[in-house]
Amino acid sequence: MVPEDLLDRLSLDPQRQRRRLEFLEIGPRDEELLQEIREFGRAHVDEIVEDFYRHLQRFEETRQFLGGPDRVARLKQTQRAYFLRMLEGGFDSAYFESRLRVGDAHQRIDMPPEWYLGAFALYLRLLIQRLRMHYRHDPDHLCEIIQTLTKVIFLDASLAIDAYIAGGYVQRALAEQLAEMAEKATRALEEKAELERLKTDLTNMIVHDLKGPIGGILTVTQLALRKRGASEETHLKRFEQIQRSARDLLRMIENLLEIDQMESGRLELRVEAVEVEPLLQECAAEYRAAAEMAGQTLEVKVDGELPVLATDRWLLRRILNNLVVNAIRHSGSSATITLGAQPTENQLEIFVADTGRGIPLEEQAMLFQKNRRLPRGAHREDTGLGLVFCKMAAETMGGSIRLWSEPGVGTRFVVSLPIS
Ligand code: HEM
């Protein structure tokens, strides 16, 4: 708004101006006293203005408004004029308007009112400090002068408040607070929506994973029931297939239950002495048939003697199962899958490597994340919750898991466990 309108906007006509002066009891005696100290004021205005800005420079909240030395020098000039005008008295419409204008200038630059009003008290203090010396032999008169100055400075402060209200500072500050609150609320809603989305993704992953083996069991059972007359060998093959699917199902359900237990810290390790090579052999024996059906070779490769680990045998076996199933699923036909282990200084590195199609770099980083998004439209046999399980289990056992993969060359998962 245009500052010229301020008097109108505030309906501060001469009648109201007079009422305000009456309320503050500003009258002819005050005009006399102001005239009396005018000379004194002129003599001290420069040092008062210096002290005023020294004080404003001391606080970050006010310093940030002042800018560089040139700007401060200009402000000192306007401040000097402001101060001298105060001692002139004659509180007419022009005076009211000039004070409203100054208030308006401050509200426009969004100066918080607490600093602006605080500076009026500073003015009074700086004046009293000097007047005390000057009138030290006449304390009653000093009191009278201080009263006058207090009234005039309060008049200015009241006009400053008017300018803040008329200039819209209060609405702006309120609007800012509201906008901040709205932003916080929006952020909270977005976070909630994200959480919901992750939950839905996870549920979809679980349902997707479980559908595979259940479908397998149903199909093969139906086949067996329909073709009752088939040879014993055919039946045996189907039962093996059913068993594999059921085992897959069990493995996935166990993954889910154990992920949940590990997340809530409820999983207790059953530590025992574990010989790793027989464990690798067991795992290979269990999955060799499945690998061969997929046209793959599954082998165990261990050089030299391995240290005995103090760890949870069952959990380690489950990590291996998941890594091997993962390799069978994703390495493609004719790949060779190798289970092995080799000791380093204080760790045993157990690996499951394949010569399959590899994993693209952009997928590698997300592979162990439970909350990753399913690639849209991606058609995969399973969503890889097994790898999430492997990472959590390796870490629960005090170890870690890492991955090396190159598209077209192969993939190698390495589980490092401490040698106690
Ligand atoms: C007793 C309190 C104060 C008085 C009497 C006062 C006086 C003035 C005057 C007369 C102006 C010129 C206004 C115009 O352009 O019409 C001004 C502007 C300004 N004052 Fe103050 N001031 C006070 C408090 C403060 C405080 C606490 C700060 C904090 C640093 C400050 C910073 C400024 C700034 C940055 C401007 C320039 C505004 C613009 O860019 O328009 N003032 N002041």
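The values are calculated or read from the model by the stated rules, or taken from the named source; none is laboratory data. All of these numbers come straight from a predicted model, not from anything done at the bench. So basically every Cβ, Gly included, is an ideal-geometry build from the backbone, and we count neighbours across all protein chains shown.
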Does at least one position in region 90-101 carry a residue that is in contact with a Ser or Thr (Cβ under 6 Å, 6 or more places away or on another chain) and either away from the ligand (no atom under 12 Å from the Cβ) or hydrophobic (A, V, I, L, M, F, W, C) (or both)?
-> no
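Kindly indicate whether any position in region 17-25 is within 16 Å of the ligand (Cβ to nearest atom) and surrounded by 15 or more Cβ atoms within 10 Å (Cβ to Cβ).
So far as region 17-25 goes, no, none of its residues is within 16 Å of the ligand (Cβ to nearest atom) and surrounded by 15 or more Cβ atoms within 10 Å (Cβ to Cβ).
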Picking from Gly358, Gly340, the residue that is modelled with pLDDT of 90 or more and more than 30 Å from Val274 (Cβ to Cβ) would be Gly358
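Per-residue answers, yes or no, for (1) more than 12 Å from the ligand (Cβ to nearest atom); (2) touching a Ser or Thr at 6+ places or on another chain (Cβ under 7 Å); (3) part of a helix (DSSP H, G or I):
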| residue | (1), (2), (3) |
| --- | --- |
| Ala105 | no, no, yes |
| Met111 | no, no, no |
| Gly118 | no, no, yes |
| Leu131 | yes, no, yes |
| His137 | yes, no, no |
| Gln147 | yes, no, yes |
| Phe154 | no, no, yes |
| Ala157 | no, no, yes |
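Please tell me if Leu236 is more than 52 Å from the chain's Cα centre (by Cα) and either aliphatic (A, V, I, L, M) or farther than 23 Å from Arg288 by Cα (or both). Quick ask: steps written out before the conclusion?
On the way: more than 52 Å from the chain's Cα centre (by Cα): yes; either aliphatic (A, V, I, L, M) or farther than 23 Å from Arg288 by Cα (or both): yes.
Yes: the conditions hold for Leu236.
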When residues of region 96-116 are limited to those that are surrounded by 19 or more Cβ atoms within 10 Å (Cβ to Cβ) and of a type in the set (Phe, Trp, Tyr), the one farthest from the chain's Cα centre (by Cα) | Phe96
With respect to Glu31, determine if the residue is in the same structural domain as Glu114 (by TED's automatic domain parsing), outside any helix (DSSP H, G or I) and more than 16 Å from the ligand (Cβ to nearest atom).
-> no
Which residues, counting only those in region 63-89, are more than 8 Å from the ligand (Cβ to nearest atom) and outside any helix (DSSP H, G or I)?
-> Gly68, Gly89
Does Glu50 qualify as being over 22 Å from Gly90 (Cα atoms), part of a helix (DSSP H, G or I), within 11 Å of the ligand (Cβ to nearest atom) and touching a residue at least 24 places away in the same chain (Cβ under 8 Å)?
-> no
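Need at least 1 residues that are in the same structural domain as Met397 (by TED's automatic domain parsing) and of a type in the set (Ser, Thr, Tyr) per element, so show me which strands (runs of 3 or more DSSP E) inside region 215-319 make the cut, counting only ones lying wholly within it. Explain how you work it out, then say what you get.
Working: elements: 271-274, 297-302, 309-312.
It comes to 297-302, 309-312.
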